[in-house]
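Throughout, read-outs are computed from the coordinates displayed, never taken from laboratory work. Here the structure is a predicted model, which means the values were calculated and not measured. Reconstructed Cβ throughout: ideal geometry from the backbone, glycine too, with neighbour counts over all protein chains shown.
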Amino acid sequence: MTPPGTLIDRMIAAKASANYQGLIDLVPYASFLGLTAAMQGDELITTMRYGDHLIGNPALPALHGGTLGALLESAAIFELLWRAETVVLPKTITLTVDYLRSGAPVDTHARGVVTRQGRRVTNVRMEAWQADRSAPVATAHAIFLVMRS
Amino acid sequence: MPDERDDRDDQDVRKLEMAIAFSRTVPHNQALGIRVLDVIGTEVVFELPYDRKLVGNPDTGTLHGGAITALLDACSGAAVFAALTELVPIATLDLRIDYLKLAEPGKSVIGKASCYKMTRNVAFTRAVAYQDAPDNVIAHSVGTFMLSTKHGKS
């Protein structure tokens, strides 16, 4: 059922051609969320395009907390895939999200920064923002297992 | 629908009806296909049916961690509502999720959350996500929620 290395092979190809979006399009859930990725300067920015299906509180309205968590986790994984010399699918061990503001029904951007790269685990800090980067809607940190299986 | 549970009281039945009605108004819960299965006291049980659009690794068909995060966030919030004596707006302060193992493809994930402490301002929750049986845990989470948040800005 699992063709050997298919996802990894395609990720390596996407990396080789600097095709950030190609990396994302391999993941069905990323398309469901409406994620896109692009280099802005030297930063890999992941964007969650607004869609009505992302709403968690229709009264405000505000984005579902789960969508922000997923965006932050994805931004960290894309950063790891992008920066790593070898392509290894990171496994999330733990993720902690601080919700700072309610997410408005607009596009949300996120970036992950590696705080420590170990032999087995990598620590990443993430933040998500909307119109004003200095006022993040959520921050997070996560630890990933990055060993080749 | 046949109801095999007998450990719910009238209040639980009312809370279950409210939780089902509330979840129907949440577009993202609907997009994920989340179903409200049960409310007993301050414990709520949600189901996330398996869906290919939620897959994180297309080679293995395993669900993306983000879908599990959304399930645990949704049922943790519902547990706070179940514990409240009067309905007030709430906002997630933080949520920590430990991923114990990958979800098995093709199977629903059950999210079971409880609000184990409520103060004037803050509610504390814990939750697990499991498949098949409650001891087959795939993720564990703890969360904090702010109570009586401002409802809108306009």
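Give me the one-decimal nm value for the distance between modelled label points at B:T85 and B:F22, 7 Å along each residue's Cα-to-Cβ direction.
Placing both labels 7 Å beyond Cα along the Cβ direction yields 1.7 nm.
Place a label point 7 angstrom from the Cα of A:S31 along the Cα-to-Cβ direction, then list the residues of the range B:27-59 whose backbone nitrogen is under 15 Å away.
B:51-59
For chain A, with the dipole built from +1 on Lys and Arg beta-carbon atoms and -1 on Asp and Glu ones, taken about the Cα centre, which of A:V146, A:T36, A:A76 lies farthest toward the positive end?
A:V146
Report the relative contact order of chain B, percent, no decimals, based on alpha-carbon pairs under 8 angstrom and at least 6 residues apart. Don't skip to the answer; put the middle values down first.
On the way: 304 pairs, mean separation 33.0, N = 154.
That works out to 21 percent.
Choose one answer from B:V88, B:V128, B:V45: the residue with the largest mean-square fluctuation in a GNM of chain B with alpha-carbon springs under 10 Å.
Fluctuation is largest for B:V88.
Within 10 Å of each Cβ in A:22-32, how many Cβ atoms from other chains are there, averaged over the peptide?
Mean partner shielding for this stretch: 4.
What spacing in nm lies between the two simple spin-label points modelled at A:V106 and B:R52, each 7 Å away from Cα in the Cβ direction?
Rounded to a tenth, the inter-label distance reads 3.7 nm.
Shielding of B:94-105 by partners, i.e. mean partner chain Cβ atoms within 10 Å per residue?
Values: counts 9, 11, 7, 9, 6, 10, 1, 1, 2, 0, 0, 1.
Partner-chain Cβ atoms within 10 Å, mean over residues of B:94-105: 5.
Taking a ≥ b ≥ c as the square roots of the eigenvalues of the Cα gyration tensor of chain A, is the shape rounded (a/c under 1.5), prolate (a/b larger than b/c) or oblate?
Prolate.
Between A:R83 and A:R133, how high is the FRET efficiency from 1/(1 + (r/R0)^6) when r is the Cβ-Cβ distance and R₀ = 25 Å? Nearest 0.05. The partial results should precede the final answer.
Details: r = 21 Å, r/R0 = 0.83.
So the FRET efficiency works out to roughly 0.75.
Run lengths n ≥ 4 of DSSP H only: what is the helix-derived mean residue ellipticity at 222 nm for chain A, with -39500 (n - 2.57) per run over all residues, to the nearest 500?
Counting only the DSSP helices, I get -8500 deg cm²/dmol.
Which residue, A:R83, A:R49, A:R120, tops the fluctuation ranking in a GNM of chain A built on C-alpha contacts under 10 Å?
Its mean-square fluctuation being the largest, the pick is A:R120.
How well do other chains shield peptide B:135-141, expressed as the mean number of their Cβ atoms within 10 Å of each residue Cβ?
Taking all residues of B:135-141 together, the mean is 1.
Let me know the shape class of the range A:49-112, please: from the alpha-carbon gyration tensor, a ≥ b ≥ c as square roots of the eigenvalues, rounded when a/c is under 1.5, otherwise prolate if a/b is greater than b/c, or oblate.
prolate
Sort A:33-39, B:15-21, A:12-18 for me by packing, meaning the mean count of neighbouring Cβ atoms within 10 Å per residue, highest on top.
Per-residue mean Cβ counts within 10 Å order the peptides as A:33-39, B:15-21, A:12-18.
When the Karplus curve 6.51 cos²θ - 1.76 cosθ + 1.60 is applied with θ = phi - 60°, which whole-Hz ³J(HN,Hα) does each residue of the range A:16-31 get, with x for Gly and Pro?
My calculation for the range A:16-31 gives 4, 9, 6, 9, 4, 5, x, 4, 6, 5, 6, 10, x, 4, 5, 5 Hz in order.
Any idea what the relative contact order of chain A is, in percent, if you count C-alpha pairs under 8 Å spaced at least 6 apart?
Numbers: 275 pairs, mean separation 30.7, N = 149.
Once normalised by length, the contact order is 21 percent.
Need one number: nm distance between label points at A:H53 and A:S17, each 7 Å from Cα along Cα→Cβ, rounded to one decimal.
Distance between label points: 2.6 nm.
First check a/c for the range A:83-139, with a ≥ b ≥ c the square roots of the eigenvalues of its C-alpha gyration tensor; if it is under 1.5, answer rounded, and if not, answer prolate when a/b is larger than b/c or oblate otherwise.
prolate
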